[in-house]
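See below for the structure under consideration.
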Amino acid sequence: MFTHRSETNGACTMSIRLPEVFSSIIEATMSPHPVDRYLELVDPMLTWRDLRARVIRVERPTDRTVRLTLAPTRQWQGHEAGQFIQLSVVVEGVRQTRCFSPANAAAGPEGTVELTITAHDDGLVSRYLRKTAAVGDVYGLSQAAGDFVLPAEVRAPVFISGGSGITPALSMLRTLVANGYDEPVTFVHYARKPSDLAYRAELTALAAVHPHLDLRLHYTRGTEDAGMDEGVIGHFTGAHLEGIADHDDADVFVCGPATLMDAVFDHYETAHPHARVHSEAFTLAVPAAIDPHEPVHGELSFTASGTSATNDGRTILDQAESAGLSPESGCRMGICFSCTAIKKSGCTRNVLTGETDTESDTQIQLCINAPVGDVEIEV
Ligand SMILES: Cc1cc2nc3c(=O)[nH]c(=O)nc-3n(C[C@H](O)[C@H](O)[C@H](O)COP(=O)(O)OP(=O)(O)OC[C@H]3O[C@@H](n4cnc5c(N)ncnc54)[C@H](O)[C@@H]3O)c2cc1C
Ligand code: FES
């Protein structure tokens with residue numbers, strides 16, 4: 001998979017629809033070069049199995065964000081509001097995969113995908129996309145996944161998001177609006193400044209025409225850039241949620257920086273313990289740490305590539321990358337399963353739960369497991 005800039009723009013994607021059985025036969029005869037490797041030489045959107053997407057629109061609504069509208073190939077199955085996809089791009093010759101949550105309302109296979117990506121100061125992929133993304137680019141895409149979604153019967157929805165965490169919340173809000181939901185909805189968002197909020201105009205316009213939408217915008221670094229009369233300055237406090245209808249029986253959806261999410265969890269635990277709090281983190285709240293009580297020892301053997309490294313206690317994914325390998329990865333926090341590989345032997349510790357596992361020939365996620373002693377992994 002690769003990033004390809006195609007001369008053909010627009011939403012129309014070429015696709016071929018020969019029966020699956022033919023593709024298998026042809027792929028088998030062309031092995032080790034799958035059909036898609038040949039087809040991409042003709043047109044990267046002409047794919048047999050691979051799911052890809054062409055950029056059909058690029059906006060840069062704020063200094064730090066880029067908004068991409070993607071038209072996927074025929075394999076796309078659509079997304080539920082709040083789910084995430086994995087986007088693969090080639091940066092400096094290396095394929096990188098990151099998770100992003102479509103911000104558009106839930107849509108079926110014919111739909112497009114709207115991503116709003118916030119560039120992090122030292123972020124590889126987010127800065128690359130902010131700087132270079134252009135109409136016609138073709139990126140690798142995964143099917144949508146994740147269970148941070150609206151329940152079948154949502155009650156008194158409250159969305160609380162911070163920074164880039166607005167995307168799944170906005171997707172759910174847009175879906176409720178599209179479905180004609182006419183009960184009260186509360187949408188609380190924290191941005192640095194008004195000029196940093198990519199969806200400010202749309203949110204205020206929505207609130208103006210939907211009397212049931214209670215929009216509460218907060219700015220953590222002031223509003224002087226906009227001479228504003230809306231919005232409150234400051235970080236989350238429970239007071240920001242005062243007056244919400246049916247709050248004790250609410251479905252609360254929170255996504256944002258760890259500090260915001262922790263403060264929201266604490267608030268609901270004490271103030272509204274019966275509210276159903278659904279959450280999604282974009283980064284690991286606690287970096288994968290080396291257990292200070294565990295002496296680090298052993299050899300990490302990557303059996304498929306014939307490489308090995310002296311175990312330094314970090315996750316197997318980090319150690320594999322330091323050894324010059326590029327195993328598949330996405331979220332790097334245990335939710336997308338793209339880094340799953342077979343552990344042939346040895347003991348590993350799950351850095352999120354602390355649990356150890358000594359089973360051989362078992363699948364593990366490289367991004368959240370660290371070796372305890374000698375480990376053989378099929379990478
Ligand atoms: C389920 C899911 C959905 C996501 N949806 C979106 C989305 O809709 N829009 C969006 O902009 N991002 C989203 N992200 C975050 C995205 O996947 C990347 O982590 C982010 O773009 C940074 O990637 P990078 O390659 O630029 O940074 P990297 O080069 O991977 O990391 C560079 C540095 O930035 C830090 N960093 C990475 N991500 C964050 C973050 N989110 N907040 C603070 N620091 C961070 C890292 O700790 C590291 O120090 C999502 C993540 C997940 C897991
Ligand atoms: S990279 Fe997503 S689970 Fe490991």
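The values are calculated or read from the model by the stated rules, or taken from the named source; none is laboratory data. Because the structure is predicted, anything quoted here is derived from the model rather than measured. Cβ coordinates were reconstructed from backbone atoms using ideal geometry, including for glycine residues, and neighbour counts include every protein chain displayed.
Could you tell me which residue of segment 97-117 is farthest from Gly180 (Cα to Cα), considering only residues that are hydroxyl-bearing (Ser, Thr, Tyr) and within 16 Å of ligand 2 (Cβ to nearest atom)?
Only one residue fits best here, namely Thr97.
What tally of residues in segment 316-356 results from selecting those that are away from ligand 2 (no atom under 15 Å from the Cβ) and either exposed (fewer than 15 other Cβ atoms within 10 Å of the Cβ) or within 14 Å of Val379 (Cβ to Cβ) (or both)?
Number satisfying all stated conditions: 9.
Just checking: which of the strands (runs of 3 or more DSSP E) contained wholly in segment 299-379 hold 3 or more residues that are more than 29 Å from Val89 (Cα to Cα)?
340-350, 369-377
Can you say whether Ala239 is under 23 Å from the mean Cα position of the chain (by Cα) and either in a helix (DSSP H, G or I) or buried (at least 17 other Cβ atoms within 10 Å of the Cβ) (or both), as far as the supplied structure shows?
Spelling it out, it is not the case that Ala239 is under 23 Å from the mean Cα position of the chain (by Cα) and either in a helix (DSSP H, G or I) or buried (at least 17 other Cβ atoms within 10 Å of the Cβ) (or both).
Please tell me if Val94 is touching a Phe, Trp or Tyr at 6+ places or on another chain (Cβ under 7 Å), at pLDDT below 95, within 16 Å of ligand 1 (Cβ to nearest atom) and over 30 Å from Asn179 (Cβ atoms).
When the stated conditions are applied, Val94 does not pass them.
Quick check, is Arg60 surrounded by fewer than 18 Cβ atoms within 10 Å (Cβ to Cβ), over 20 Å from Gln143 (Cα atoms), at pLDDT 90 or above and not small (Gly, Ala, Ser)?
Criteria met by Arg60.
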